[in-house]
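S.K.: Sharing a structure here in structure tokens format.
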Amino acid sequence: MPKLDESPDDAIPEDRIGPKVEDGVLGNLIGYGLKRAYMRIHPEAQRVLAEDDLRVVSFSCLSMIVDNPGIAQTELAAALQMERSNLVVIIDALEERELIERRKVPTDRRRFALTATLRGRHLRDRAAERVRLAEEAALDRLDDDDRARLIAVLERLLGAGAR
């Protein structure tokens, strides 16, 4: 057994720790690259959204409601690829904060139409700018042309209506 000041024979060499780790196979997988990019952006988005007591998912819901006044909860769940039961909790919280209004659809009393309040629209706009700036900082290696190309490729990848 090695002494405390000695390293065992199977210890990881110092030159193999950190940024020098090879990921030859993973580095050539698009999904892996997208996930790594997401992991770089997501914590910053969470940080700036927390300033307004929002999470990424609640910001996403609010943003979709602002952009689609009168959207039904089922449509919102489908657009965000969320379970309707999970969405209800988020909708309740946004409504409690008076950021959105939920109204029964007169022609179908089981459906609710969601609309952002003025307060909700202002909060979304402020939060969106903060997220945009956080993304810009996290993606500082990309110029405007790179960003535009990346958005175009992601739209193509996700298909029509992805944004």
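The values are calculated or read from the model by the stated rules, or taken from the named source; none is laboratory data. Note that this is a predicted model, so its numbers are computed, not measured. Methodologically, a virtual Cβ is constructed for each residue, glycine included, from the backbone with ideal geometry; neighbour enumeration extends over all protein chains shown.
S.K.: Condition first: in contact with a Leu (Cβ under 7 Å, 6 or more places away or on another chain), of a type in the set (A, V, I, L, M) and assigned to a helix (DSSP H, G or I). Now tell me which residues in region 42-72 satisfy that.
M.R.: Across region 42-72, the qualifying residues are Val56, Leu62, Met64, Ile65.
S.K.: Between Ser60, Ser7, Ser85, which is among the small types (Gly, Ala, Ser) and either under 20 Å from Leu118 (Cβ atoms) or at pLDDT 90 or above (or both)?
M.R.: So the residue among Ser60, Ser7, Ser85 that is among the small types (Gly, Ala, Ser) and either under 20 Å from Leu118 (Cβ atoms) or at pLDDT 90 or above (or both) is Ser60.
S.K.: Pick from Ala79, Ala138, Ala116: which is in contact (Cβ under 8 Å) with a residue 60 or more places away in the chain, in contact with a helix residue (DSSP H, G or I) (Cβ under 8 Å, 6 or more places away or on another chain) and of a type in the set (A, V, I, L, M, F, W, C)?
M.R.: Ala138
S.K.: Quick check, is Thr74 surrounded by 13 or more Cβ atoms within 10 Å (Cβ to Cβ) and polar (S, T, N, Q)? Break it down into steps so the answer makes sense when it comes.
M.R.: Numbers: surrounded by 13 or more Cβ atoms within 10 Å (Cβ to Cβ): yes; polar (S, T, N, Q): yes.
So Thr74 passes the test.
S.K.: Would you call Asp144 more than 16 Å from the chain's Cα centre (by Cα) and under 26 Å from Gly159 (Cβ atoms)? Full working, then the answer.
M.R.: Values: more than 16 Å from the chain's Cα centre (by Cα): yes; under 26 Å from Gly159 (Cβ atoms): yes.
In short, yes.
S.K.: For the condition in contact with a strand residue (DSSP E or B) (Cβ under 9 Å, 6 or more places away or on another chain), surrounded by 13 or more Cβ atoms within 10 Å (Cβ to Cβ) and not polar (S, T, N, Q), what is the one hit in Leu99, Leu80?
M.R.: Leu99
S.K.: Oh, and also: Looking at Leu133, Leu118, Leu114, can you tell me which residue is crowded, with 16+ Cβ neighbours inside 10 Å and under 23 Å from Arg55 (Cα atoms)? Quick ask: steps written out before the conclusion?
M.R.: On the way: Leu133 fails: crowded, with 16+ Cβ neighbours inside 10 Å; Leu118 fails: crowded, with 16+ Cβ neighbours inside 10 Å.
Criteria check complete, one pass: Leu114.
S.K.: Another question, if that's okay. Taking only region 46-102 into account, find how many residues are within 15 Å of the chain's Cα centre (by Cα) and of a type in the set (Lys, Arg).
M.R.: Of the residues in region 46-102, 2 are within 15 Å of the chain's Cα centre (by Cα) and of a type in the set (Lys, Arg).
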